[in-house]
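Accompanying notes for the structure given below.
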Amino acid sequence: LDLSRSMDAQDLTPSRLTRARLKILDILQRRKSGQIALVVYSSNAFTVTPLTTDADTVAALVNSLSTEIMPSRGSYPPAAIKKGQQLLEQAGVSLGEVLLITDGGSSPAAEEAADQLRSAGYSLSVLAIGTTEGAPIPRAGGGFVTDRSGNIAVPKLEATGLRRLAAAGGGRFAVMRTDDSDLDTLLSGATMAGSESDESLVTDHWREEGPWLLLLLVPLAAIAFRKGLVITLLIFILPVAEPAHAFSWKDLWLNADQQANQLLVEGSAADAAQLFKDPAWRAVADYRAGHYGGSAAGFGTLEDIDNLYNLGNALAKLGEFESAIDAYEEVLETDPNSEDARYNRDLLEDLLKQQQDSQAGEQGNQENA
């Protein structure tokens, strides 16, 4: 399930995301047996629920999903496809299906991951959401989301690329419909004949006995400055539970990091920071709680490019502009195309120059007094 802002587009009523959630619930009702796992990802993939026969738990997670707490751009399907393959292989199953639900497109990296999944004995199917005409993305306060040029963004369904992705994964392709014809295509064992102009394209037979993975596509925007504002790192959403007692159902289903993520979603960032075991997520929670020193210390122990970028943001919030600029420079050395890192660096360099000019002016005034 793609949770980028484009899923709020209303070319499908009431929105792409609402229709997608309902469609997933329909899928869960159809599959009375077998195992299902839930994976979310941004630049990295996370397992929300491992393979389980408890469809109710998965349904509770689906019902809680929203784009409102998420940044609006970026998604990297290959990470989730690889995570899906890893879960299937770790479970020791020989047959398994991965279903990708998205309004986005494909890429060479995604098709390579799908091909590797197929080579391992599994398959990737795609349920595409949206229309070729597309629709603007409404803002909560009115108006519509715009692109970098200031034009109203109108995300359109990229069916051709998604067909290619399903073919690479040896699975099936369908466009979401108001009836059950899309699910009939994806879930039935019958071969569906058609051409490139058909609304659905079958590329392999469905193996009903295999475990199934729902990939929730989450856009990447790690605690980034964007147009002068700070955006928080995306988290995956867990269902709201009853208050915990000495031992609760959460202890049965959720590990400490998952429970901490739930606290983070509920707005209890400081409590989440105390509970997180994962250092990256703990640094995120510290950042959300306004504990920028702890956040910087946490991100400073992690070596990958995303956390280095986050380190720059935490240092910037501390007012340590020069150190933040150094962090962004390191990001750009690894990824010269990182527009956000370049924007943040340039922004801080301007702010630093303004500070220095202001201090020089004050010093000159004092000398002339």
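The values are calculated or read from the model by the stated rules, or taken from the named source; none is laboratory data. Here the structure is a predicted model, which means the values were calculated and not measured. Here the Cβ is made from the backbone with ideal geometry for all residues, glycine too, and neighbour counts use every protein chain on show.
Confirm whether GLU322 is outside any helix (DSSP H, G or I) and free of Cβ contacts under 8 Å to residues at least 60 places away in the same chain. First the steps, then the outcome.
Details: outside any helix (DSSP H, G or I): no; free of Cβ contacts under 8 Å to residues at least 60 places away in the same chain: yes.
It is false that GLU322 is outside any helix (DSSP H, G or I) and free of Cβ contacts under 8 Å to residues at least 60 places away in the same chain.
Quick grid of which residues meet (1) crowded, with 16+ Cβ neighbours inside 10 Å; (2) without any contact (Cβ under 8 Å) to a residue 60 or more places away in the chain; (3) of a type in the set (Phe, Trp, Tyr); (4) assigned to a loop (DSSP other than H, G, I, E, B):
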{"site": "THR57", "(1), (2), (3), (4)": "yes, no, no, no"}
{"site": "VAL62", "(1), (2), (3), (4)": "yes, no, no, no"}
{"site": "GLN85", "(1), (2), (3), (4)": "yes, yes, no, no"}
{"site": "GLU133", "(1), (2), (3), (4)": "no, no, no, yes"}
{"site": "PRO155", "(1), (2), (3), (4)": "yes, no, no, yes"}
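Based on what the data block shows, is ILE36 in contact with a strand residue (DSSP E or B) (Cβ under 7 Å, 6 or more places away or on another chain) and at pLDDT 85 or above?
Yes.
Please work out if LYS353 is more than 26 Å from ASP147 (Cα to Cα), surrounded by fewer than 14 Cβ atoms within 10 Å (Cβ to Cβ) and under 22 Å from the mean Cα position of the chain (by Cα). So LYS353 does not fit the description; no. For region 293-319, filtering for residues that are free of Cβ contacts under 8 Å to residues at least 12 places away in the same chain and part of a loop (DSSP other than H, G, I, E, B) leaves 3.
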